[in-house]
Structure formats: structure tokens, C-alpha cells
Amino acid sequence: MACYCNILLCYDSTREGRRALIQGAELAQQLGAETHLLAIVPSNDGSMVDPSEAGMREQERQITEVLREGVERLRARGLTATGHLAFGHAVDQIPKVASDLGVDLIVVGYRPRSSIARWWAGPGKSELLDRVHCSILASIDPGDADR
């Protein structure tokens, strides 16, 4: 049986991300795992609403606040939690941070045909599953199966 002692939760404050955070936290509590929370500031690839420097700083501030709140939620559950902020594409940053931290499990939220799908395939359509060297738990809302 695999030992999931070091878990990376990828959190972006969406409904799917919050569900993944809750499920990942419950699993980490049951396993007594060290928990890392990752928030990613997307790179300016032309998809940002406000690509100005001020707009990018505001987006970074908002994501940093989401990260801080997420870490507080984990710690309120009695978990040892550390927040990590990365910059770039999620499909690039999740494997890098997971490798740097030596995690055993990555937890992500997923909803078919949504912006969260970016975590599964990046700009070059390289799949997240092909780029990590540990297990991935995808938190899926059963209600989304009908969509």
C-alpha cells in the first residue's frame, strides 16, 4: 500500500478547487500527512483580462490572499500546512513543485470542459499525468458526470 505522507493540494478558489481542498484535507488528516498548498499566478499569455503591470500585481495579490486563506483553513483542521506560490502555467508548475517537495500525492479539482481543465493539459497539450512521478487524486463532483 502506498504511503501518502506528503500531499500537494492545488487550490485556485473555484468550486472545484475548494472541493479538492476539503477532500485533500480530510485525506491528509486521516493519514497524518504533511500538507502543501499550491496557488499559481498564471503567466501573461494574452488571456488575462487586465494584462497591465498593475493588473498583474492585483491578480498576484488576490491569489496570494486565496493561498493565505487556504493555509489557514488547513491549519484550523490541525494539519501541518505550508503555502507555495508559483508563477506560470499550472501544467508546468504543478510537476515542478511536486518534484521539489518530494510529494507522494497531488490533489486537484476537476470539472469537465471548464477552466480547471488547464491543469490536465497545458499550452502544448502536454498532460499533467505524463509529467508527474507520483499519484494524482482528481476531485470530481458526481453531479458533473451528467454534463
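Coordinate-derived values only; no laboratory data. These numbers were taken from a predicted model, which means no experiment stands behind them. Ideal geometry is used to build each Cβ from the backbone, glycine not excepted, and the neighbour counts take in all protein chains shown.
A few remarks follow.
- Residues with amide H under 5 Å from that of Gly83, placed H, sequence gap 5 or more: Leu37
- Surrounding net charge for Pro95, when Lys and Arg each add one and Asp and Glu each subtract one, Cβ distance under 11 Å: -2
- The label-point distance for Glu127 and Gln62, in a model that sets each label 7 Å from Cα toward Cβ, rounds to 3.1 nm.
- Taking Lys and Arg as +1 and Asp and Glu as -1, the other residues whose beta-carbon sits under 15 Å from that of Asn6 total -3.
- Spacing of the two label points (7 Å from each Cα toward its C-beta) at Ala2 and Glu69, in nm: 3.0
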